[in-house]
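Data block below; observations after.
Every read-out reported here was derived from the displayed coordinates using simple, explicitly stated rules and does not represent laboratory data. Every value quoted in this text rests on a predicted model; they were computed, and no experiment measured them. Please note: Cβ atoms are built from the backbone with ideal geometry, for glycine as well, and neighbour counts cover all protein chains shown.
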Amino acid sequence: MPVGTQYWRTQSDWDMNMGATLDRLRRFARLGWGLLLGFAPLVAGAAGALTWHPAENRLDADVRDQPLAQVLEEVAAATGWQVYLEPGTESIASSKFKNLPVTEGLRRLLGDANFALVPETNGHPRLFVFKTSLREATKLIAAGGTKTGKTVKPIPDELVVRLKHGAKIDDLARQLHAKVIGHLDSLDAYLLKFDSADAAQAARATLAANPDVAAVDSNYPIDRPQLPQNLLAASAAPVSLQVKAPPSTGRIVVGLVDTPVQPLGGGLDAFLLPAVSVVGSATPDPSVPTHGTSMAETLLRSLQNVTGGSSSVQVLPVDVYGNSPSTTTFDVALGIASAVNAGANPINLSLGSPADNPFLHEVIQQASQQGVVFFAAAGNQPVTTPEYPAAYPEVTAVTAGDAPGQIASYANRGDFVKLMAPGSSIIYYQNQPYFVMGTSAASAYASGLAAGLAETSDKGLPAVQAALLNSPALRPPLP
């Protein structure tokens, strides 16, 4: 029997293995690692007894017997940083100083608590405050008056048009003075681009009255996910996974619909199939890992944990972003269709937006009817509003959990959420460790877990999905 392969003959065997696997996953999630202390320009401002001097990168403080969480609220309000605290990290802060460098000021202010200030490429830094491990700093500290939730508007000059079978798009597009810039033949669906938002709005009314048109939908943008953060050092070892021959039931392929995936190194590229792109060729910065790269390695780390270090599972990278700062619901639908047509199952979607798009939903419904299983990120805001595609009933929505078994304070906790998995991961790119945090990582963990359990058992993916949904260890706590 190949290393790492197990066969369960009874339901009790299956349940015992599931418990052992989940215990290993939880132990891995508690591992500590080294820190990066980085700097970025600060936002000018003051809150209570704290004053920041961004030009000099210095701090004034006059804090008297304040709880640590209250001090961190003031830090968040003054700087605009995203501040995360390890649950249970409690202390009373008392400190008075003027014009200290940021590093020294934070040391004085936070006392015996550890901290890491991690720069963001396209936003304000993130400050993690903790006692045991940066990974456990999952409680979001919101500044006073902070609002959560977001909205998204459709792309104003684009429409997704579904035709009835046998109808032709070319003549219709000419009549509407529109260009066909995308299509999905299996659904007779076309993406039309117009000269202006007004032209698209006028065309919508015309299309609604056309007997050859089955449906008209908007196309919505989906922002590019956050990049992983560089770390100075990490105690977690790189992924070590060996390729083995597939079982007689065939090889499992995980469809990773995301940004481009770069070479992983360390022998892990053997687990990557040739990439598919629905948006043309991409040229990611070779000096930093993309979000897709970090999700691929997070998925493989979960797979390593489940299988014991030997697997035949492969990952099919599907690029739906290219070089663009955003993708669209239409391109995500194309990416899903491409992954399914290439034999991928399950599909991981570590992306999302508040936009409920009927066309994207129909593509997922069609694949689900063929037995394809989906895992998707629930969203990185502490709200209960739906995030799509995670909120579609055919999709397993995965939120991020912390070590005490609670939903991470930054993560979505809506009633559409079905699973909770570790929301942080260490990945290595060009031998350099990086930190990944969010429901994107949780979704990738769940996808790797499902693929590994399906490979090492005689259960199909739907049965594995059902077992995960019924597992108390992965079930989100009730509100």
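Packing here is the average count of other Cβ atoms within 10 Å per residue, and on that basis the peptides 278-287, 80-89, highest first, run 80-89, 278-287.
Taking a Cβ cut-off of under 15 Å around Leu192, the surrounding Lys, Arg, Asp and Glu residues balance to a net charge of -4, with basic ones at +1 and acidic ones at -1.
The order of Thr307, Thr399, Thr385, going from fewest to most other C-beta atoms within 10 Å of their C-beta, is Thr385, Thr307, Thr399.
Given +1 at the Cβ of Lys and Arg, -1 at the Cβ of Asp and Glu and no other charges, the dipole of the chain around its Cα centre is 780 debye to the nearest 20.
For Arg204 and Glu56 in one chain, what is 0.36 nm times their gap in residues minus the Cα-Cα distance, to one decimal in nm?
47.9 nm
Quickly estimate the mean residue ellipticity at 222 nm for the chain, helices only: each DSSP H run with n ≥ 4 gives -39500 (n - 2.57), and the total goes over all residues, rounded to 500.
-8000 deg cm²/dmol
With the convex hull constructed from alpha-carbon coordinates only, the range 402-448 shows a mean projected area of 3.8 nm² over all directions.
Stokes-Einstein diffusion for the range 425-479, with the hydrodynamic radius set to the Kirkwood value over Cα pairs and evaluated at 25 °C in a medium of 0.890 mPa s, equals 188 µm²/s. With neighbour counts taken as other beta-carbon atoms within 10 Å, the residues Asp356, Asp157, Asp258 rank, fewest first, as Asp356, Asp157, Asp258. Within the chain, which is the longest segment containing none of the GluC sites (Glu not before Pro) that sit in a DSSP loop and have at most 14 other Cβ atoms within 10 Å? Free of exposed loop sites, the longest segment is 91-479. For the range 45-132, the antiparallel share of DSSP beta bridges with both residues in that region comes to about 85%.
Averaged over all directions, how much area does the convex hull of the C-alpha atoms of the chain cover when projected, in nm²?
Its average projected convex-hull area is 24.2 nm².
Of the residues Leu106, Thr396, Gln314, the one whose Cα sits farthest towards the positive end of the charge dipole of the chain is Leu106 (charges of +1 on Lys and Arg Cβ, -1 on Asp and Glu Cβ, taken about the Cα centre). Which angle from 0 to 90°, rounded to the nearest 10, does the C-alpha axis of helix 358-368 make with the longest principal axis of the chain? The angle comes out near 80 degrees.
How large is the translational diffusion coefficient of the range 158-219 in µm² per second when you combine the Kirkwood radius over alpha carbon pairs with Stokes-Einstein at 4 °C and 1.567 mPa s?
Answer from the Stokes-Einstein relation: 115 µm²/s.
Tilt of helix 439-455 relative to the longest C-alpha principal axis of the chain, in degrees (0 to 90, nearest 10)? Compared with the principal axis, the helix lies near 60 degrees. Subtracting the Cα-Cα distance of Asp212 and Leu478 from their residue separation scaled by 0.36 nm leaves 91.0 nm.
Nearest 5 percent is fine: what portion of the DSSP beta bridges confined to the range 328-479 is antiparallel?
Close to 40 percent.
Residue-normalised convex hull volume from the C-alpha trace of the range 45-132: 85 Å³ per residue. What the Cα atoms of the range 231-374 give is an Rg and a Dmax of 15.5, 46 Å. The charge dipole of the range 45-132, taken about the Cα centre with unit charges on the Cβ atoms of Lys, Arg (+1) and Asp, Glu (-1), comes to about 160 debye, rounded to the nearest 20.
If R0 equals 41 Å, the separation of the Cβ atoms of Asp223 and His165 corresponds to a calculated FRET efficiency of about 0.75. Each of Phe435, Phe97 has some number of other Cβ atoms within 10 Å of its Cβ, and from fewest to most they run Phe97, Phe435.
Based on C-alpha pairs under 8 angstrom that are at least 6 apart in sequence, the range 45-132 has a relative contact order of 30 percent.
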